[in-house]
Amino acid sequence: MNGKVYLVGAGPGDPELLTVKALRLLQTADVVLHDDLVSAEILKLVPSAAQVQNVGKRCGTKTMRQEEINFLLVALADSGRQVVRLKSGDPLIFGRAGEEIEALRRSNIAYEIVPGVTCALGAAAAAGIPLTYRRISSTLVLTVGHRAAGNSDAEWGKFSATESTLLVYMPGHDYAEMADRLTAAGFAKETPCAIISRATTPRQQIHHTTISNLHRSPELAAPTLLVVGEVVKFADHAAGQPEKTFPVMESAFAATRVQSAISSERLRQEERLA
């Protein structure tokens, strides 16, 4: 059987936010190469027979260089394996999927992209923040907090009007510098902000503030996202900690049902081939 690579979104952390297709692929994969931020509860859904390897990058520390990940994806699929490249959130949002797609195309490796709930949407939902709101915010901007060489903050100035919502992935912990950057870009100092940590998990924390008080924010555990804009005023301030426990057991039952459906489908395929 020919190998194939699936670039799969794991969602923001809650196993129940996996798509049905993502869960099915995890249950049938030969190999799962996952990001560091993929939750342990989701990895528990992978059968013990599958090879599971952490290839993530976090806080500047790399388990494996991107070039090595690309090579591994190609080599495993070329050997006939069904490979799930499991990425936190959605694979096409700050997930370096483009580089992996290029490598797979160059080597004529079959691949498929399976979207997931991106962390921005998961965090906003967990905090009760409508990222767009009629008459208040008609533009949503997803960006990253860390600055790569040659990048300029001047681009943020395009979105400093009150009708925009800025959502910053990986904002870091130097919130005084972040406040300076936002102010320099033209955002008003009284603009509401929310820092969301470990969204959709039992360890979720949410801190509400303004740009002027951003430097007083506590250092919350990564991963964090920063939401900037008037829509933060509509946040659910009681949403700092989910009431329910992590639904590992419920997800396990769901996985069992999906596995049964997968087995039935495989049986039908075998009968057609017979």
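FYI, it's all coordinate maths here, none of it is from the lab. Every value quoted in this text rests on a predicted model; they were computed, and no experiment measured them. A quick note on method: Cβ atoms are made from the backbone with ideal geometry, for glycine too, and the neighbour counts reach across all protein chains shown.
Cβ crowding within 10 Å, taken as a proxy for footprinting-reagent exposure, orders M178, M170 from fewest neighbours to most as M170, M178.
Each of A50 and H237 was given a label point 7 Å from its Cα along the Cα-to-Cβ line. The distance between the two points is 4.3 nm.
Seen from a random direction on average, the alpha-carbon convex hull of region 120-234 projects onto 6.4 square nanometres.
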